[in-house]
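Below you'll find the structure, written out as structure tokens, and then a few comments.
The values are calculated or read from the model by the stated rules, or taken from the named source; none is laboratory data. Small disclaimer: the values here were computed from a predicted structure and weren't measured. Ligands, DNA and RNA are excluded from the accessible area calculation, which covers all protein heavy atoms including side chains. Shrake-Rupley method; radii C 1.70, N 1.55, O 1.52, S 1.80 Å.
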Amino acid sequence: MRILIVEDDELVADAVGRGLAAAGFAVDRAPSAEAASAALATEHFDLAVIDVGLPGADGLALVRRLRDAGSSLPVLILTARDALAVKVQALDLGADDFLMKPFEQAELAARCRALIRRAHLKAHGEVSLGGLHIDVGGRRLRIGDAPVELTAREWLVLECLALNSGRIVTKERLQEAMASWDRPLTPNAVEVYVSRVRAKLGAAAIIRTVRGLGYRLDEAQAASGRHP
Ligand code: CA
């Protein structure tokens with residue numbers, strides 16, 4: 001998987017590059033929006049990590065340019081300020097995620113993996129996550145080589161979490177994904193279905209409960225470091 005880092009600050013770009021390379025990514029760097037546009041026009045990348053603060057056109061202008069050109073390249077925005085306005089603007093322009101400086105290298109690598117996985121799932125209808133192999137189109141789940149049977153509603157839980165892997169999915173959103181007009185669902189029922197799916201995944205991947213917010217599907221490895 002190849003990542004383009006767009007950052008003019010050499011120290012930050014070095015650190016980010018080293019961290020992502022250590023996490024197994026191939027990494028290239030561009031010091032400006034112009035250099036990034038040139039690289040993206042000629043080479044294939046799986047993700048761009050773009051700093052908002054760049055000389056000339058800034059990171060948000062670069063995202064706008066990419067999306068205007070029809071690119072669906074996953075984009076993670078780095079920002080020096082925890083400014084809500086910047087985040088809202090970045091998402092409006094079509095960025096997929098953002099991270100505020102300073103951040104942990106492990107956190108950046110995990111976000112990058114999640115974004116690339118999500119893009120792959122949307123493009124190809126299937127994805128591997130930890131020991132799971134999820135085929136959304138065929139509605140099949142394998143753990144290693146072993147097929148796992150899910151009921152229709154259990155499948156809807158897994159599908160919704162997988163399409164948003166690494167991101168928090170609210171209980172209300174799961175409820176909407178699983179309910180239909182003739183088969184309404186209570187929040188308690190959502191919890192029951194999540195527990196059933198969690199049990200079926202075993203140690204292959206982890207459905208974390210984020211108190212008060214919802215659930216998040218993580219690779220077993222990524223989840224274990226933060227929540228032993
Ligand atoms: Ca910068």
**OP:** Give the angle, between 0 and 90 degrees and rounded to the nearest 10, that separates the Cα long axis of helix 10-22 from the longest principal axis of the Cα atoms of the chain.
**Re:** 40 degrees
Original post:
Taking a quarter of the surface of the Cα convex hull of the chain, what do you get in nm²?
Top reply: 13.6 nm²
Original post:
Counting each DSSP H run of 4 or more residues in the chain as -39500 (n - 2.57), what helix-only mean residue ellipticity at 222 nm follows after dividing by all residues, to the nearest 500 deg cm²/dmol?
Top reply: -14000 deg cm²/dmol
Subject >> Beta bridges by DSSP in the chain, antiparallel share as percent, to the nearest 5 >> reply: 55 percent
Subject >> Surface per residue (accessible, 1.4 Å probe) for the chain, Å² >> reply: 51 Å²
Original post:
How many percent of the accessible area of segment 120-228 is carbon or sulfur, using a 1.4 Å probe?
Top reply: 53 percent
Original post:
Which percent of the accessible heavy-atom area of segment 5-77 goes to carbon and sulfur, probe 1.4 angstrom?
Top reply: 53 percent
Original post:
Between the helical axis of 84-93 and the dominant principal axis of the chain, each derived from Cα atoms, what acute angle in degrees is found, rounded to the nearest 10?
Top reply: 80 degrees
Subject >> Cα Rg over Rh - segment 94-183, Kirkwood >> reply: 1.02
Subject >> Using θ = phi - 60° and Karplus 6.51 cos²θ - 1.76 cosθ + 1.60, couplings along segment 71-79 (whole Hz; Gly, Pro as x) >> reply: 6, 10, 3, x, 10, 10, 9, 9, 9
**OP:** Could I get the Rg over Rh figure for segment 2-120? Both from C-alpha atoms, Rh via Kirkwood, rounded to two places.
**Re:** 0.91
Original post:
Just the accessible area for ASP8, please: 1.4 Å probe, Å², rounded to the nearest 10?
Top reply: 70 Å²
Original post:
How much accessible surface area, in Å² rounded to 10, belongs to the heavy atoms of ASP58 with a 1.4 Å probe?
Top reply: 60 Å²
